[in-house]
Each structure stands twice: as C-alpha cells, then as structure tokens.
Amino acid sequence: MPPPAGSSNIQVVTGAFGFTGRHIARRLLNMGHVVRTLTSHPPAGAGNAAIEVHPLRFNDPAAMVDAMAGAGVLFNTYWVRFPQAGMTFEQAVENTHRLMASAKQAGVRRVVHISATNAALDSPLPYFRAKAQAEAAVVASGLSYAILRPTILYGDAGILLNNIAYFLRRMPVFPVFAGSCQLQPVFVEDLADQAVIAAGQDKDAVTDVAGPDTFEYTALLKLLRQYVGGLARLVPSPVIVSILGTRALGAALGDVILTADEVRGLRANLLISHDPPTATTHFESWLTQNAHWLGRQYMSELAKRR
C-alpha cells in the first residue's frame, strides 16, 4: 500500500518491538515506509536497525512531539494488561490523552488505535472500562482515527494461548470453570494487515477484528491439548479455583498468568465479536503448523515489562 495522498511516508508505531507492534512495523517496512517507534522497552542489542527508536516519555510531551514530527500515521499499541509497579489503568488512560495531544501537535494525520472487543464505558470490569476510556481519548483528540478492536490474539509471541498450552503440556489436571463461554481468536498478522489498510483510509471508524472461528472454551482447550500432545485432564471447577490456582502458579513463576478481569471477561463472552468476522486465518490451520513449539516455553508478562 503506498502512502496516502498528501501524507508523510514516516509512520510511528508505539511498541514496535512488542507482539502487535512488531507485526505492524514489519509490514510498513516491507512497503517502503520509514518506521519510528516510541517505546519504554527497547530491545537488547541491535534490535531492528531499520526502525528509529525513541523513548516513550509521557512526562515529556516535547520529546514525544519531536519523535513524531513529520509522521503521517501513529499506530498506537500502547496499553497495560494489568496494574503493576505503580502503573494503573487510570494512568494508562491519562498517558493515552498525552500521546494523542503530542501526535496532534506533531502534525500526525491519522491514528490507528488498537483496543479490545466489547470495550464499554459502563463495563463493570476495569480493563474493558479503561479500554473504552482510552478510545474516548483518541476520539476527543480531533485526529482522524481508526479504532480496531481485536478479540483474543494469537501468533508467534501470543502470551495467553501459549501459556495455556504450556500448562496443558505439563500439568496432570487443568481446572475448567463451569458455564458456557466462548472465544474467537484472531491471528496477529490479520490484525496487522487491517491496521495498515485502516491507515490509508480517511473515515473515522471503530471496527471489531475477529477470526472466522468461535470456540467453546472447553472445546478450545481440547483442541490445544490434542495438537500439543498434552496429558492434562480437564476438570470442571468453580471459578474461584481457576482464579486462585493461576494466582498461585503465577507466584511460583514470578508472573501474572491470568487476571480476575480476564476470567470474568471470558465468562461474560467479551472475547468474541457480535459482528461478522473480519479476519480469514483459521486457528486450527495455524495450529497445525505451529503446535510443535507452542507451549514448550513459558512466556512471562512481567519479564517483558522489565
């Protein structure tokens, strides 16, 4: 995709070395764009020499303006999965306001903002409520915007499904909370494709990004177990057992495996879209080609933040 008419060929991707941002940045580079990133976690060593790296300093708006000067599009993947080390959802929303204000001052033409399905200002779950507040910050900025709302992402470094596979490979039993709930996984590369397409458009839009397959939670666990060769027996359990069990495992691993919000969001069917699927990659097709490595190593969320 060529750069939109009248816009800069410079693109800014927050977190271009993270899971989603990396795939977006790679597509932009392949199309000949100049890619800059604002990041709090620059990679060790050389990283990707093709990407200009700038620190993400929310307390220094002038530095963010300088880093985005001349850019046509800001792809915003910034967020926090859960509060930790003094960072709260409220602070993450405020940081989004600051980022949008800096983008506008820098002359950015359009923002492609990565959010989450079923984000809602009146959600009882802090994660989904804060996601909606961040969306509101994008809309209030006055910039042209595309807000993409993926369901549950999977791919080469997708933490959640990888770690489920990790425990299915190793645990004798895997607690499954009672009740029917569904997931609609979407391939991270499909999301990246849609983000790049949205950058070239002008209309303000809020769009769900969901894969073509919807699974009952237990059915997805069985499919993962089958492909990775896991031996864990799926045992129906009260929700509190899943929450407390993952909390205890997380403490042993020095990580946060699954938050209470994520469990409640899953049970409330917030990880599916109510619109027609927009992505085309079938989860089982991807699993067929990637099960050999999926879940062989644990992926730590907290280690990624350090």
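Laboratory data are not the source of any read-out in this text; all were calculated from the coordinates shown. No experiment lies behind these values; they were computed from the predicted model shown. Cβ coordinates were reconstructed from backbone atoms using ideal geometry, including for glycine residues, and neighbour counts include every protein chain displayed.
Observations on the structure shown:
- Sorted by Cβ neighbour density within 10 Å, fewest at the top, the residues TRP293, TRP286: TRP293, TRP286
- Placing a label point 7 Å from the Cα of ALA136 along the Cα-to-Cβ direction, the residues of the stretch 96-113 with a backbone N closer than 19 Å are 96-101, 113.
- Using only the C-alpha atoms, the convex hull of the chain corresponds to 130 Å³ per residue.
- Once the gyration tensor of the Cα atoms in the stretch 158-306 is diagonalised, the equivalent ellipsoid follows with semi-axes of 27, 17, 17 Å, ordered largest first.
- Computed over the chain: relative contact order in percent, which uses C-alpha pairs under 8 Å that are six or more apart: 18
- Cα centroid of the stretch 112-174 to Cα centroid of the stretch 37-89, whole Å: 18
- Cβ crowding within 10 Å ranks ILE24, ILE147 as ILE147, ILE24, fewest other Cβ atoms first.
- Charge dipole of the stretch 135-241 about the Cα centre (unit charges at C-beta), most positive-ward option of LEU191, ALA210, LEU220: LEU220
- Förster radius 41 Å - calculated FRET efficiency between LYS203 and ALA303, Cβ distance, rounded to 0.05: 0.55
- Charge dipole (debye, nearest 20) of the chain; +1 at Cβ of Lys and Arg, -1 at Cβ of Asp and Glu: 660
- Highest-MSF residue in the chain out of ARG170, ARG26, ARG110 [GNM, Cα springs under 10 Å]: ARG170
- CD proxy at 222 nm, helix term only [per DSSP H run n ≥ 4: -39500 (n - 2.57); per residue of the chain; nearest 500]: -12500 deg cm²/dmol
- Reachable aspartates and glutamates from LYS222, criterion Cα separation under 14 angstrom, eight or more residues apart if same chain: GLU284
- Dipole-positive endmost among SER141, THR246, GLN84 within the chain (Cβ charges, Cα centre): THR246
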